[in-house]
Amino acid sequence: MIRRLLPLLAAVSLLGCAGKGGGKIEIPLLDPPGSKAPIFTQLTPGKHEASIMAIGGDRDLARGQNGSRHTMGYINNNDIETYLNGIRNRFVAVSGVTDVPGKVKLTADLTHGAKASADGNIFIPITWLLDTETEDALAAVIAHELSHVLLKHQSTDIVGSIQKKLQSGHEMLLGLKMDVRKTTQLGKKDNKALLAAQVSVALVDNLIMPSWNRRQETEADLLAVDLMIRAGYTPDGMDDMLQTMKTSEDKQQKSRADIESQLKQLALQNPELAVKKAISTLVEDLSNTHPETEKRREAITDYRDKHYAEAPIPDYSSSAMKKLKAMHSVGPLLNNYRHTLKARNRLDEGNAQQAYSEALLGVKAPTAKDAIPNWILWKTADATGKRGRHQDALKNVLNNSEPIKAVYEEIIAFEEQAGHHQIALNYVIKAQKVFGDDPEWTPHKIRLLSKLGRKDEVKLETAKCILDTPEQKHKCREAAKS
């Protein structure tokens, strides 16, 4: 089995894995970005040429709304969207490129994982409005994502990239598990221990963004510097943006270590559930789609020294953002989401009671019906034994006009782990209806039917899966063995 793993590990290394630790191999691609001329010179003036990955603006927005595990739904606020798109349009105007499609949408994500789509849409988590005090830092985020669009980076659809990695990782782990089962020299306990180690190593160390994607991220950083200087923003906003990301990453380090430890323990008892939990965790964590933050800051500093050493640096601009946050339509909304974010953080730290208190403050008007504040409230209520008091919160989440896949997946996993297989199956069936019979739910259904002992239905659903959605056949077959 070890011999079988060597080619895989070698291939991963050659892709240029770059984790937080040392010992990784990285292959340089051509000259470093911006080493000879500003990235801005790569833009072709004139009408924007659509990316080959574009699927259509409205369809792309709909997919961003509920078609991805990562997206937590939009926060529809006209004043905020007008403000964000004003910044975007300012950059487009100085880019020399016309007819650039797309718009900026505010999402309810409680991470800092902003992203851009091939259709030009930019998705900014509300955390950036909560954590920045100057327009320059927020503008840096928008400039970076717009740069992906202007440079037509094919990897700009980060969600699709992650899904491909996870699919490959899932199949790899299944292969590892089969190897463990076929090993006759090991006892049952040893098999589980070996699989626990393999789950941890394979998911934490090997599913890392390759060099070509890191190069694109660097190019987007450097073009963002070009755009900010041309648009009259201080490029120091880029450093502020990265400092915010670094602070967020530092806060997550303990959480990531705890998750890895939990995965190892869970894999000893339930390998399938460990794999599913690991995949869910990786989808939420976008930090691996960017180069290491300190290296990004160094690259930007070198770039500015090379191309803008004599350029005048304007002062920070904060008046427009202060005015926005003082609006009656914006201030209370941001305040409530700030409580929701605090609740999530307290819950991650294990302080369930403080988390519950903060979550209650997050579901007041105007966010009383918003999905994410209600979801965090329901989770903190469950953690404090108050689940029965807040069934309305769960209803607000599941009946929301903007359904969220990640919520359904989490609650299905929650009920399944608790042994409530029929309840979990009911949520799968509801999810199939809500998301238009998305085939992603079929393996969940098969797995739960199997655990309920409904063998005839398992055979029928598995056969249907293999026939109708062959790309899901491996997952469906594995689910049938649960």
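The values are calculated or read from the model by the stated rules, or taken from the named source; none is laboratory data. Everything numeric in this text was worked out from a predicted model, so none of it was measured. So basically every Cβ, Gly included, is an ideal-geometry build from the backbone, and we count neighbours across all protein chains shown.
Assorted remarks:
- Search result, residues across region 330-350 that are among the polar types (S, T, N, Q) and at pLDDT 95 or above: Asn335, Asn336, Thr340
- Filter result (touching a His at 6+ places or on another chain (Cβ under 8 Å) and acidic (Asp, Glu)) within region 110-150: Asp131
- Residue list for region 60-96, filter: part of a loop (DSSP other than H, G, I, E, B) and at pLDDT 90 or above: Ile75, Asn76, Asn77, Gly96
- Total residues in region 456-470, condition surrounded by fewer than 17 Cβ atoms within 10 Å (Cβ to Cβ) and farther than 21 Å from Glu415 by Cα: 10
- Count - residues of region 202-240 that are at pLDDT below 90, touching an Asp or Glu at 6+ places or on another chain (Cβ under 9 Å) and not in a helix (DSSP H, G or I): 1
- Qualifying position, being within 30 Å of Ile39 (Cα to Cα), surrounded by 22 or more Cβ atoms within 10 Å (Cβ to Cβ) and at pLDDT below 55, among Ile126, Ile142, Ile158, Ile122: Ile158
- Count of region 391-413 residues which are exposed (fewer than 14 other Cβ atoms within 10 Å of the Cβ), under 20 Å from Asp109 (Cα atoms) and of a type outside the set (Lys, Arg): 2
- Options Ala393, Ala431: the member that is closer than 13 Å to Thr340 by Cβ and touching a residue at least 12 places away in the same chain (Cβ under 8 Å): Ala393
- Applying the condition of being among the aliphatic types (A, V, I, L, M) and at pLDDT below 80 to region 20-59 and asking which residue is farthest from Val149 (Cα to Cα) yields Ile25.
- Hey, Thr340 buried (at least 20 other Cβ atoms within 10 Å of the Cβ) and polar (S, T, N, Q) or not: yes
- Checked against (1) under 28 Å from Ala137 (Cβ atoms); (2) under 25 Å from the mean Cα position of the chain (by Cα), Leu324 meets all criteria but (2).
Listed here are the residues, each with its yes/no results for (1) over 25 Å from Ile446 (Cα atoms); (2) more than 19 Å from the chain's Cα centre (by Cα); (3) at pLDDT 90 or above.
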residue	(1), (2), (3)
Asn374	yes, yes, yes
Arg389	yes, yes, yes
Glu402	yes, no, no
Lys405	no, no, no
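- Whichever residue in region 414-433 is surrounded by 18 or more Cβ atoms within 10 Å (Cβ to Cβ) and either in a loop (DSSP other than H, G, I, E, B) or hydrophobic (A, V, I, L, M, F, W, C) (or both) and, among such residues, is farthest from the chain's Cα centre (by Cα): Leu425
- Cross-chain or 6+ apart pairs with Cβ under 6 Å, region 399-411 first and within 14 Å of Gln432 (Cα to Cα), then in a helix (DSSP H, G or I) and not hydroxyl-bearing (Ser, Thr, Tyr): Pro403/Asn66; Pro403/Val434; Ile404/Ala371; Val407/Trp375; Val407/Val397; Tyr408/Ala431
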